[in-house]
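Presented below is the structure to which this report refers.
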Amino acid sequence: MDEKKREDTEMLVSRAVEGDQEALEQLLTEVQDLVFNLSLRMLGTIQDAEDASQEILIRVMTNLASFRGESAFSTWVFRIAVNHLKNYRKSMFARQPLSFEYYGEDIVSGKEKDIPDLTMGVDRNLLEQELKLSCTNVMLQCLDADSRCIYILGTMFRVDSRLAAEILDLSPEAYRQRLSRIRKKMAGFLEEYCGLSGKGVCSCSKRISYAIATHRVNPEKPEFTSLKENTEFLLECKTAMEEIDDLSMVFSSLPAYRTTKAAREYLDEFLKSDCYSTISNAL
């Protein structure tokens with residue numbers, strides 16, 4: 001990180017701890033997209049990502065006084081977010097766990113052949129993109145929480161292995177070894193089942209109506225394709241030391257998003273609330 005930017009951030013933290021609401025709002029706004037994107041990949045649904053992001057930002061706020069500037073502020077936030085998300089039990093997929101075996105069986109079952117056209121006249125290209133974005137996020141839920149986090153940091157956020165190891169309390173070598181094993185596991189599934197890899201048996205375009213029937217895609221209210229993309233976000237992430245293999249590009253090429261309007265409004269309302277005043281006075 002640029003030394004001046006680090007000093008500016010540390011000054012903002014100091015002001016926020018002293019009760020400067022404007023400084024706190026600036027800090028939280030700067031990391032809000034990071035927290036939302038990590039939450040979305042870790043939890044798989046937009047609603048769960050919104051809820052978890054709000055909880056994480058409150059944790060960041062209530063722990064600001066413990067930030068010592070020994071690492072970048074974003075690294076410190078990453079660590080708080082990762083610890084919260086790895087133990088998050090309120091998400092849909094925490095309550096209804098997925099596995100690669102179940103997902104693979106669903107793909108080869110042929111159930112989509114029995115479903116009539118349910119697209120309701122909505123552009124099929126849009127629905128196909130919606131299913132692709134939904135499916136890739138859901139596919140991540142087949143990994144256990146620790147493996148999912150390692151894969152997301154290394155493949156989607158492209159975090160430098162030394163920095164990722166620091167966030168996860170691992171040695172860089174242990175992180176690289178685990179990331180390599182997880183990539184091989186994911187690549188094996190993609191190669192066999194996912195058409196986006198160029199080899200798998202599944203085709204998003206053929207499973208649109210099945211996805212609608214199983215409530216994975218809503219033609220009246222597409223979620224992922226309605227999110228605003230943040231094209232600068234991933235460019236700001238550090239470049240990984242490891243090469244991104246071809247199959248991992250299915251995930252590394254996914255867009256990053258701006259925090260949803262609902263989440264931004266929640267933060268604005270929270271900073272104006274009595275609850276914020278109570279927490280702020282306790283800092």
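Values in this text are rule-based calculations from the coordinates and carry no lab data. Computed from a predicted model, the values in this text were never measured in an experiment. Backbone-built Cβ (ideal geometry, glycine too); neighbour counts: all protein chains shown.
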Name the lysines eligible as straight-distance cross-link partners of K4: C-alpha to C-alpha under 21 Å, and not fewer than 8 places from it in the same chain.
K238
Let's test this: bin the Cα-Cα distances of the stretch 72-122 at 5 Å from zero up to the farthest pair and state each bin's percent.
4, 13, 12, 12, 13, 14, 11, 9, 8, 4, 1
Got a sec to turn the phi values of the stretch 217-224 into Karplus ³J(HN,Hα) couplings, 6.51 cos²θ - 1.76 cosθ + 1.60 with θ = phi - 60°, whole Hz, x for Gly and Pro?
9, 10, x, 7, 8, x, 8, 5
Over the chain, the sum of -39500 (n - 2.57) across DSSP H runs of at least four, divided by residue number and rounded to 500 deg cm²/dmol, gives at 222 nm -18500 deg cm²/dmol
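So if we plug the beta-carbon distance of M92 and M11 into 1/(1 + (r/R0)^6) with R0 = 45 Å, what FRET efficiency do we get, rounded to 0.05?
Details: r = 40 Å, r/R0 = 0.89.
It comes to 0.65.
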When you count, for each residue, the other Cβ atoms within 10 Å and take the mean per peptide, how do 102-114, 39-51 rank with the highest first?
39-51, 102-114
Only residues of the stretch 142-168 count here: report those whose backbone N is under 12 Å from the spot 7 Å along Cα→Cβ of N83, or say none.
167-168
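Can you give the net charge of the other residues whose Cβ lies under 12 Å from the Cβ of S14, counting K and R as +1 and D and E as -1?
Working: positive: R15, R68; negative: E7, D8, E10, E18, D20.
Computed value for this residue: -3.
Which FRET efficiency value, to the nearest 0.05, is calculated for A145 and E105 with the Förster distance at 25 angstrom and r the Cβ-Cβ distance?
Values: r = 23 Å, r/R0 = 0.90.
About 0.65, to the nearest 0.05.
Using a 10 Å cut-off around each Cβ, can you sort K221, K206 from fewest to most neighbouring Cβ atoms? Write out the running numbers ahead of the final one.
Details: K221 8, K206 12.
Ranking K221, K206 by Cβ neighbours within 10 Å, fewest first, gives K221, K206.
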Lys/Arg Cβ at +1, Asp/Glu Cβ at -1, dipole of the chain taken about the Cα centre: which of T119, L227, L153 is farthest positive-ward?
T119
For the stretch 129-195, I need the span (max minus min coordinate) of the C-alpha atoms along each principal axis, in Å, sorted largest to smallest.
36, 21, 18
Short to long, in 10 Å steps from zero, the percent of alpha-carbon pairs of the stretch 79-175 per bin is 12, 34, 30, 17, 6, 0
Violating pairs (Cα-Cα greater than 29 angstrom) within the set K5/K132; K86/K261; K86/K184; K111/K132; K111/K199:
K5/K132
Pop out the ³J(HN,Hα) list for the stretch 132-142 in order, Karplus 6.51 cos²θ - 1.76 cosθ + 1.60 with θ = phi - 60°, rounded to Hz; leave Gly and Pro as x.
4, 5, 5, 5, 5, 5, 5, 4, 4, 6, 6
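Assigning unit charges at the beta carbon (Lys, Arg +1; Asp, Glu -1) and nothing else, what dipole magnitude in debye, to the nearest 20, does the stretch 98-252 show about its Cα centre?
Numbers: 20 positive and 26 negative charges, 33 e Å.
In total the dipole reaches around 160 debye.
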What full-extension length gain, to one decimal in nm, is calculated for E191 and K221 as 0.36 nm per residue of separation minus the Cα-Cα distance?
7.7 nm
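Using the scaling law 2.2 N^0.38 Å as the reference, what is the normalised Cα Rg of the stretch 1-107? Write out the running numbers ahead of the final one.
Details: Rg = 16.5 Å, N = 107, 2.2 N^0.38 = 13.0 Å.
It is 1.27.
Would you tally the net charge around C202, using a Cβ to Cβ cut-off of less than 14 Å, leaving C202 out, and scoring K and R as +1, D and E as -1? Intermediate results must be reported in sequence, preceding the final value.
Numbers: positive: K111, K113, K132, K199, K206, R207, R216; negative: E105, D106, E112, E128, E191, E192.
Taking every other residue near C202 into account, the sum is +1.
Based on the inverse mean of 1/r over its pairs of different Cα atoms, what is the Kirkwood hydrodynamic radius of the stretch 98-252, in Å? Working shown, then result.
Working: mean 1/r = 0.0595 Å⁻¹.
Result for the stretch 98-252 stands at 16.8 Å.
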Write down the Å³ per residue value for the convex hull defined by the alpha carbon atoms of the chain.
130 Å³
Given backbone amide H placed at 1.01 Å from N, residues whose amide H is under 5 Å from that of C202, ignoring those fewer than 5 places away on the same chain, are C194, G195
Spatial separation of Cα centroids for the stretch 1-45 and the stretch 158-179, in angstrom
22 Å
Any aspartates and glutamates whose Cα falls less than 15 Å from that of K206, other than same-chain ones fewer than 8 residues away, would be D106, E112, D114, D117, D123, E128, E130
